[in-house]
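S.K.: Supplied in structure tokens, the structure appears directly below.
The values are calculated or read from the model by the stated rules, or taken from the named source; none is laboratory data. Fair warning: this is a prediction, and the values are worked out from it, not measured in the lab. Cβ atoms come from the backbone with ideal geometry, glycine included; neighbour counts cover every protein chain shown. All accessible areas refer to the heavy atoms of the entire protein, side chains included, with ligands and DNA or RNA removed. Shrake-Rupley method; radii C 1.70, N 1.55, O 1.52, S 1.80 Å.
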Amino acid sequence: MRDHEARPGVRVLDRGVEFSVYSENAAGMELCLFTPDGTETAHLPVSHERGNMFRLLVDGLKPGQRYGYRAFGRYDPMAGHWFDSSKLLVDPYAREIDAPYRYDPRLGQYGVETADIVPKSVVVPDLGDEPGHIDLPDGAFIYEAGVKSLTKLNPHVPESIRGTVAALGHPAVVEHLQKIGADAIELMPVTAWIDERHLRDLGLTNAWGYNPVTFMAPDPRLCPGGIAELREAVAALHKAGIAVILDLVFNHSGESDQFGGTLSFRGLDNATYYRLAEDDPSVFINDTGCGNTIACDHPMVRRYIIDSLRFFVTQAGIDGFRFDLAPILGRTRQGFDTHAETLDAILSDPALKGRTMIAEPWDIGPGGYQLGHFPAPFLEWNDRARDDMRRFWRGDPNMTGLLADALSGSSHIFSVRDQHVTRSVNFIAAHDGFSLHDVTAYVHKHNGPNGESNRDGHDENFSWNNGIEGETDNGVVLSRRRQDIKALLATLFASRGAIMLKAGDEGGMTQYGNNNAYCQDNETTWIDWHAMDDELIAYTGELAALRRQFSVFSETGFFTEDEVTWLRPDGDSMSVEDWEAAECDSLSVVLSTTERASGSPTRLAILINRSHGEMAFRLPERDAHGWHSLADRKRGIVEIALAPRSVSFYAEMLSEAG
């Protein structure tokens, strides 16, 4: 084989299996073969070839073979090298592992054998032709969900597959996604992760999966059938018209800091895979807050990232990706670069063309907040819109203009680089933080069960409790909370750009005030389907249908004066004084749009009353067919008495076209 054909990972050939692994600094490499019960059957030296590639073809091997590596070299952590041949290492390119990662102190002890506690990589062949994919529409409704939290307690899913990827393709799950009108499901990490080392002593486990070790292999706890199971679930969702987005973590690994374990990257070539301090290579740069930072600007790491994305596209038909702490992907020694080679490589790779790319645009490193600075067509999580929507409904002063900007796609953020479209993903709650219900029920975080004396998680949540902190059976308080949840949902669904809803929020799920529930792999994060509010679920579906009914919600260009009019409750245009008023409990917007079914040009009015009393609104009159309510289809409306703490929608057809 010619050198230019060398590639990392395994290749299944007619005569056997070829193994390849990359290391710039290893002095030697050994391939270890195992039986399914973990018995080591061979340890074979691997040839060091050009391009820092170690390669070996083993005749007679078949798919299903278990294997791992041992790397030889300097054990000199002060110089950034952690080679330790007593450590069995998982192939970074492993497509499957035979057991979950489990933290054990021996993983971090030099010279201590770990073959009995480290998962074995499994040889997996390609699954055949590339599956089809779904192009996510502009203004898509994305449903963020953890596999286990979504399905573990679903009584309509067979118990044998609850909590697994297979459950995602079950009709009960698919029908729920269709009921609420989701265009896509964004899966929190399904790749294999390890629990943070402090959780063991607390009797807790990681519920979110944002602590990966290898970036391709699905976690056996969530996906016991491997990539084939994921492919089947994606196919079932595609059949229902629902796209699938994977949340991937390329910013750090679960090997953590110098006190962590040696499982893969660290043992193969610590100085290549991780970013180390230039003046002291014993120090792991920690721009992630997780103990280490992946060196995404290294050419081989860049290749690994692209190969991982290609793997999920070609083998499972994944339609898009959300990148956790995405500025890491654009970091160089000089800081974040919008045109960093790794970001450019993601957007230019032919195999990834047409896939949706979503950035979480912040990390904790220098210059780590990069909202609005990712290259198009990256979409970006918009935490400013989240906070402004929350603050408006909390009753904060001087919020009118900020809410209007959030509803308009945050032009002040996304137009800074001469762009003419929004790339915002608007949300009010996500996995990280309060649930939507808890935004209306808790002023303070209640993270005691996490074992960190309530020090973890955000302190400022822009939340309120409607008079009683936490859970209550007070009917008045519960009614107010449901009203506020509906108002927040309507505000989100009325915003320009893509929108995202956290699983469970459509039914009023609580996390009991825990705003950092990453280690609550229990009923705190599992959706209790018996407790879900059917009225809120139906309302969510109605809002999604409204977004599909009018073209304005699938357009991403910033509004022109001809497309939008901002009004006072009396129907007159907003003045400068109105915009600048500290206390303003209302906002009306009239949008020019098209009603899709009829093709008719339409005016759509969105009326917002955040006060605790009924408020009178007047719609602008025109010689047309009159305004009608989208809630009850009542026609001929001009004067409206809008209920407290509510959002209402009205439409006026401007012709009988269609």
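S.K.: In Å and from the alpha-carbon atoms only, list the Rg and Dmax of the chain.
M.R.: Every Cα atom of the chain included, Rg and Dmax give 26.4, 85 Å.
S.K.: Also: Using a 1.4 angstrom probe, figure out how much accessible area the range 25-158 has per residue, in square angstrom, rounded to the nearest whole.
M.R.: 43 Å²
S.K.: Out of all DSSP beta bridges with both ends in the range 316-379, state the antiparallel percent to the nearest 5.
M.R.: 40 percent
S.K.: Out of the total accessible area of the range 190-333 (probe 1.4 Å, heavy atoms of protein only), what percent is carbon and sulfur?
M.R.: Roughly 50 percent, rounded to a whole number.
S.K.: Still on this structure, please answer the following. What are the ³J(HN,Hα) couplings of the range 597-614, residue after residue, when phi is run through the Karplus curve with 6.51, -1.76, 1.60 and θ = phi - 60°? Round to Hz, x for glycine and proline.
M.R.: Result, rounded to whole Hz: 4, 9, x, 7, x, 9, 9, 10, 9, 10, 10, 10, 10, 9, 6, 8, x, 4.
S.K.: Then there is this: Have a look at the DSSP beta bridges in the range 322-432 and tell me what percent are antiparallel, nearest 5.
M.R.: 35 percent
S.K.: Per-residue ellipticity at 222 nm for the chain, helices alone: DSSP H runs ≥ 4 residues times -39500 (n - 2.57), over residue total, nearest 500 deg cm²/dmol?
M.R.: The helix-only estimate for the chain comes to -6000 deg cm²/dmol at 222 nm.
S.K.: Show me 563-575, 158-170 ranked by packing, highest mean number of other Cβ atoms within 10 Å first.
M.R.: 158-170, 563-575
S.K.: Please tell me the relative contact order of the range 1-133 in percent, rounded to the nearest whole number, where contacts are Cα pairs under 8 Å and at least six residues apart.
M.R.: 23 percent
S.K.: In nm, to one decimal, how far is the modelled label at Asp473 from the one at His444, with both set 7 Å along Cα→Cβ?
M.R.: Going by the 7 Å Cα→Cβ label model, 2.5 nm.
S.K.: Going highest first, how would you order 262-275, 468-481 by mean Cβ packing within 10 Å?
M.R.: Output ranking for 262-275, 468-481: 262-275, 468-481.
S.K.: Could you work out the local net charge near Ser611, counting Lys and Arg as +1, Asp and Glu as -1, over the other residues with Cβ closer than 11 Å to its Cβ?
M.R.: Every neighbour counted, the sum reads -1.
S.K.: While we're looking at this one, here's another question. Could you please state, rounded to a whole Å, how far the C-alpha centre of the range 6-76 is from the C-alpha centre of the range 437-479?
M.R.: Each part's Cα centre sits 52 Å from the other's.
S.K.: Between Rg and the Kirkwood Rh of the range 7-163, both from Cα atoms, what is the Rg to Rh ratio?
M.R.: 1.07
S.K.: D for the range 78-148, whole µm²/s, Stokes-Einstein with Kirkwood Rh over alpha-carbon pairs at 37 °C and 0.692 mPa s: what number?
M.R.: 199 µm²/s
S.K.: Right, something else. Give the share of C-alpha pairs in each 5 angstrom bin for the range 139-187, from 0 to the last occupied bin, in whole percents, shortest bins first.
M.R.: Result, from short to long distances: 5, 24, 33, 23, 11, 3, 1, 0 percent.
S.K.: Counting only residues 5 or more places away or on other chains, whose amide H sits under 5 Å from the amide H of Asn426 once H atoms are built in the peptide plane?
M.R.: Long-range HN contacts for Asn426: Ala498, Ile499, Met500.
S.K.: While we're here: Let me check I've understood the local charge: for Gly163, count other residues with C-beta under 9 angstrom from its C-beta, Lys and Arg +1, Asp and Glu -1. What total comes out?
M.R.: Result for the local shell: +4.
S.K.: Still on this structure, please answer the following. Quick check: with the 1.4 Å probe, what order do Glu561, Glu278 take by accessible area, largest first?
M.R.: Descending order: Glu561, Glu278.
S.K.: Let me ask another. Reported to two decimal places, what Rg/Rh ratio describes the range 20-81 when computed on Cα atoms with Rh from the Kirkwood expression?
M.R.: Taking Rg over the Kirkwood Rh, I get 1.03.
S.K.: Taking the Cα centroid of the range 298-353 and of the range 95-122, what is the distance between the two, rounded to the nearest whole Å?
M.R.: So the two Cα centres are separated by 27 Å.
S.K.: Let me ask something else. Where does the charge balance sit around Lys120 when Lys and Arg score +1, Asp and Glu -1, over other residues with C-beta under 9 Å from its C-beta?
M.R.: Once all neighbours under 9 Å are counted, the net charge is 0.
S.K.: In the chain, what percentage of the DSSP-assigned beta bridges are antiparallel, given to the nearest 5?
M.R.: 75 percent
S.K.: Shifting gears a bit: Counting only heavy atoms of protein chains, what accessible area per residue, in Å², does the range 471-513 have with a probe of 1.4 Å?
M.R.: The answer is 29 Å² per residue.
S.K.: In the range 457-537, carbon and sulfur make up what percent of the accessible area (probe 1.4 Å)?
M.R.: The C+S portion of the solvent-accessible surface of the range 457-537 is 46 percent.
S.K.: Quick one: length gained pulling Arg50 to Asp135 fully straight, 0.36 nm per residue minus the C-alpha distance?
M.R.: 26.6 nm
S.K.: Considering every Cα-Cα pair within the range 506-615, what fraction, in whole percent, is farther apart than 22 Å?
M.R.: 57 percent
S.K.: Under 29 Å Cα to Cα from Lys120, which lysines show up? Leave out anything in the same chain fewer than 8 places away.
M.R.: Those lysines meeting the cut-off are Lys62, Lys87, Lys148, Lys152.
S.K.: Something else: If packing is taken as the average number of other Cβ atoms within 10 Å across a peptide's residues, how do 194-200, 640-646 rank, most packed first?
M.R.: 194-200, 640-646
S.K.: How large is ³J(HN,Hα), in whole Hz, for each residue of the range 438-455 in order, when computed from phi with the Karplus curve 6.51 cos²θ - 1.76 cosθ + 1.60 and θ = phi - 60°, using x for Gly and Pro?
M.R.: 5, 4, 9, 10, 9, 7, 10, 6, 9, 9, x, x, 6, x, 10, 6, 6, 8
S.K.: Defining a contact as two alpha carbons under 8 Å apart and six or more residues distant in sequence, what relative contact order in percent does the range 142-277 show?
M.R.: 26 percent
S.K.: Shifting gears a bit: Given the Cα atoms of the range 555-615, and with Rh set as the inverse mean 1/r over their pairs in the Kirkwood sense, what is Rg to Rh to two decimals?
M.R.: Reported Rg/Rh (Cα atoms, Kirkwood Rh): 1.04.
S.K.: A follow-up question, please. With only alpha-carbon atoms in the gyration tensor, what are the semi-axes of the equivalent ellipsoid for the range 439-525, in Å, largest first?
M.R.: Calculated on Cα positions only, the semi-axes equal 22, 17, 12 Å.
S.K.: Still on this structure, please answer the following. Normalised by the number of residues in the range 334-487, what is the relative contact order in percent for Cα pairs under 8 Å and 6+ residues apart?
M.R.: Relative contact order, the range 334-487: 17 percent.
S.K.: Just grab the label-to-label distance for Glu159 and Val638, each label 7 Å out from Cα along the Cβ direction, in nm (one decimal).
M.R.: Each label point lies 7 Å from its Cα, and together they span 6.4 nm.
S.K.: Same structure again: Under 5 Å between amide H atoms, partner at least 5 residues away or on a different chain: which partners does Lys120 have, H built in plane at 1.01 Å?
M.R.: Asp98, Ala99
S.K.: Then there is this: Gain in length, Asp562 to Val12, computed as 0.36 nm per residue apart minus the alpha-carbon separation, to one decimal in nm?
M.R.: So the chain would gain 191.9 nm between Asp562 and Val12.
S.K.: Under the 0.36 nm per residue contour assumption, what length would be gained going from the current alpha-carbon distance of Ala277 and Thr314 to full extension?
M.R.: Full extension from Ala277 to Thr314 adds 9.7 nm.
S.K.: Amide H of His81 versus every other amide H placed in the peptide plane: which residues, excluding those fewer than 5 positions away on the same chain, fall under 5 Å?
M.R.: Those lying under 5 Å, H to H, from His81 are Asp76.
S.K.: Based on the Cβ-Cβ distance of Arg303 and Ala172, what FRET efficiency does E = 1/(1 + (r/R0)^6) give at R0 = 51 Å, to the nearest 0.05?
M.R.: 0.80
S.K.: Estimate the FRET efficiency between Ser629 and His412 by the formula 1/(1 + (r/R0)^6), using the beta-carbon distance for r and 35 Å for R0, to the nearest 0.05.
M.R.: Calculated transfer efficiency: 0.60.
S.K.: I would also like to ask the following. Where the only charges are on Cβ atoms (+1 Lys, Arg; -1 Asp, Glu), what is the dipole of the chain about its Cα centre, to the nearest 20 debye?
M.R.: The calculated dipole for the chain is roughly 1000 debye.
S.K.: Quick one: helix 534-549 against the long Cα principal axis of the chain, what's the angle to the nearest 10°, folded into 0 to 90?
M.R.: Helix 534-549 and the main axis of the chain meet at about 80 degrees.
S.K.: Under a straight-distance cross-link criterion of Cα-Cα below 14 Å, which aspartates and glutamates are reachable from Lys445, leaving out those fewer than 8 residues away in the same chain?
M.R.: Answer for Lys445, where 14 Å is the Cα cut-off: Asp432, Asp456, Asp459, Glu460, Glu469, Glu471, listed by chain and number.
S.K.: To continue, here is another question. Go ahead and collect, in residue order, the members of the range 588-614 whose backbone nitrogen is under 16 Å from a label point 7 Å along the Cα-Cβ direction of Ala581.
M.R.: Inside the label zone: 588-589, 607-614.
S.K.: If you average 1/r across every pair of different Cα atoms in the range 233-326 and take the reciprocal, what Kirkwood value do you get, in Å?
M.R.: Every distinct Cα pair counted, the radius reaches 14.8 Å.
S.K.: Would you kindly derive the ³J(HN,Hα) couplings of the range 636-647 from the backbone phi angles with the Karplus curve 6.51 cos²θ - 1.76 cosθ + 1.60 (θ = phi - 60°), listing them in order in whole Hz, with x for Gly and Pro?
M.R.: Values per residue, Gly and Pro as x: x, 8, 10, 8, 10, 9, 8, 4, x, 6, 8, 10 Hz.
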